[in-house]
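Beneath this line is the structure, given in structure tokens, with notes to follow.
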Amino acid sequence: MSHARIIVVGNEKGGAGKSTIAVHLVVALLHESARVMVIDLDVRQQSTGHFFANRAAWAAAEGVTLPHPTLPPIDGEHALRIGLTQDVDFVVIDTPGADTALSRAAHQHADLIVTPMNDSFVDFAVLGIVDPITLDVIRPSLYAETVWDARKTRAAARGGSIDWVVLRNRLASVEPRNRKRVDERIATLSRRVGFRAIAGLRDRVIYRELFPFGLTVTDLSRTVRPIQVSLAHVAARQELLVLTQELGLLESAH
Ligand SMILES: Nc1ncnc2c1ncn2[C@@H]1O[C@H](COP(=O)(O)OP(=O)(O)O)[C@@H](O)[C@H]1O
Ligand SMILES: [Mg+2]
């Protein structure tokens, strides 16, 4: 049986940044010499799958050595079964923005669930219902219930608990008022349903413009530089480092 740490990146919402977070986490772990398997359960979009195919193609074409994860064959159910028994340090599972049987199965195996969300009440609604007059959190909603079910199932089947982290993605440097309101609701909900809220990532072009090469800011070096990058990438690297530290991943990569 595998002793890999299983990380599920999930949210019942498209466009929240699941695939972006997944690929950045995987590359950060690879650069710490961790052995990583990646499973992309978004069978339709395959964003993460494409990213790592691009990475292999780019590295081969440029004659550059890069660390790569292992990827099981695409078929979702098969992939999940193989992935969960691999001899690797981490299995990172990207999921679709919808409630599917396969996504639920993945959640039930998670040691850590990472949920990115935009700084918006539209995204907040899949986690908790907010009173339209007072903006108080009334109760947990769709995705919080999915995680609750996964926690129950996992505790009953294998024991152990699931760490759940919610992070804000694509934070804008403006909009402090909306951010503060969303922050307060997240803090309330985090106590109610048991997740940790962490800062996450700002909205930065560098997080998406390296995608077609299958690269992230963590890869950039003198030989790995497919496009002109500004100094802003230094801030992005730092932000990612903080993210992996707050997730508690780098300690266990050794
Ligand atoms: N922090 C960020 N900065 C800039 N663009 C981002 C960021 N996070 C996500 N994006 C972009 O937002 C879109 C949705 O992100 P994606 O990771 O595909 O979400 P999901 O997998 O949840 O559907 C993509 O175009 C992606 O490049
Ligand atoms: Mg995706």
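The figures follow:
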{"quantity": "Label-to-label distance, nm, for residues given as residue 211 and residue 196 (7 Å Cα→Cβ offset)", "calculated": "2.8 nm"}
{"quantity": "Fully extended contour minus Cα-Cα distance, from residue 70 to residue 183, at 0.36 nm per residue", "calculated": "37.0 nm"}
{"quantity": "Per residue Cα convex hull volume in Å³ - calculated over segment 107-254", "calculated": "135 Å³"}
{"quantity": "Test item: Cα-centred dipole of segment 166-211, Lys/Arg +1 and Asp/Glu -1 on Cβ, debye", "calculated": "180 debye"}
{"quantity": "Viscosity 1.567 mPa s, 4 °C: Kirkwood-radius Stokes-Einstein D of segment 103-151 over Cα pairs, µm²/s", "calculated": "110 µm²/s"}
{"quantity": "Cβ charges +1 (Lys, Arg) and -1 (Asp, Glu), total dipole of segment 175-238, debye", "calculated": "320 debye"}
{"quantity": "Proxy reagent accessibility, fewest Cβ within 10 Å first, across 124, 90", "calculated": "124, 90"}
{"quantity": "Inter-probe distance in nm under a simple model that places probes 7 Å from Cα toward Cβ, at residue 120 and residue 45", "calculated": "1.3 nm"}
{"quantity": "Value of D in µm² per second that Stokes-Einstein yields for segment 6-249, Kirkwood Rh from Cα pairs, at 25 °C (0.890 mPa s)", "calculated": "133 µm²/s"}
{"quantity": "Paramagnetic reach from residue 53 in segment 73-89 [backbone N under 12 Å; point 7 Å along Cα→Cβ]", "calculated": "74-75"}
{"quantity": "Residues of segment 127-160 with amide N under 18 Å of the 7 Å Cα→Cβ point at residue 175", "calculated": "127-128, 130"}
{"quantity": "The chain: relative contact order as a whole-number percent, Cα under 8 Å and 6+ apart", "calculated": "26 percent"}
{"quantity": "Fully extended contour minus Cα-Cα distance, from residue 145 to residue 222, at 0.36 nm per residue", "calculated": "23.1 nm"}
{"quantity": "Which of 192, 44 has the fewest Cβ neighbours within 10 Å, and the rest in rising order", "calculated": "44, 192"}
{"quantity": "Dipole of the chain, positive direction: furthest Cα of 156, 48, 138, with charges on the beta-carbon", "calculated": "138"}
{"quantity": "Formal net charge of residues neighbouring residue 79 (Cβ-Cβ distance under 13 Å; K, R +1; D, E -1)", "calculated": "-4"}
{"quantity": "Check: segment 6-249 dipole with +1 on Lys, Arg Cβ and -1 on Asp, Glu Cβ, in debye", "calculated": "420 debye"}
{"quantity": "Cross-link partners of residue 152 among lysines (Cα-Cα below 24 Å; sequence separation of 8 or more within a chain)", "calculated": "13, 18"}
{"quantity": "Likely footprinting exposure, 152, 13, 180, fewest C-beta neighbours within 10 Å first", "calculated": "180, 152, 13"}
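We did not get these values from a lab; they are worked out from the coordinates using the rules stated. It should be emphasised that the depicted structure is a prediction, and the values quoted were computed from it without experimental measurement. All Cβ positions, glycine included, derive from the backbone under ideal geometry; neighbour counts span all protein chains shown.
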